[in-house]
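These notes are about the structure you will find just below.
Here, each number is a calculation from the coordinates, and none is a lab measurement. Fair warning: this is a prediction, and the values are worked out from it, not measured in the lab.
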């Protein structure tokens, strides 16, 4: 999500709960068919977001998977700072820790990982209208492994996200994202996926998102995949 436009403005912390179902084909380590439970807190103050991801990869590692036979995956914890002004641009910095909690460990990457990233948001007012609000949101992430199973492959890659988003009548959204990756463990091999995501905001804080993704190039590059279908149902509290 881009800069978390729904961040808290009242006296109380806002909360968001999501259930994500991903079906993934031709996966790379850490990317497979799974169900993820996500809890986010959006407090006031310098930190705009705390996020906890509890992934449950399917035991059957195929596109159809085995959604009724889940296993615990690698737990992730993310924090995001509120955007700050840098040379006239709003920039938000964020970081994420990944813990090798997968059981069995073959369903995870077996490494403690640290991610640091930054994102900015540019409203495209010249091509927006009263009904359609377009924006461009570039992002960069650097992910490295810092400890864990010495026999498992190290993690070291740089990922970019280039997202074009349209919000229609404040209730509907469409986002097209390109995600190029440079895998330094593979001597700078590159890969990329593209994703198209549509969403609708319903009454009482409910939201539904459907995403379709596929590889553009670079089979086997970290964090990429062949084909993915993702359904997310979430609610704000």
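Only Cα pairs under 8 Å and 6+ residues apart enter the sum, and on that basis the relative contact order of the chain stands at 17 percent. For the pair segment 29-99 / segment 182-237, the C-alpha centres are spaced 12 Å from each other.
Each pair of Cα atoms in segment 95-160 enters the Kirkwood radius, and Stokes-Einstein at 4 °C and 1.567 mPa s then converts it into a translational diffusion coefficient of 90 µm²/s.
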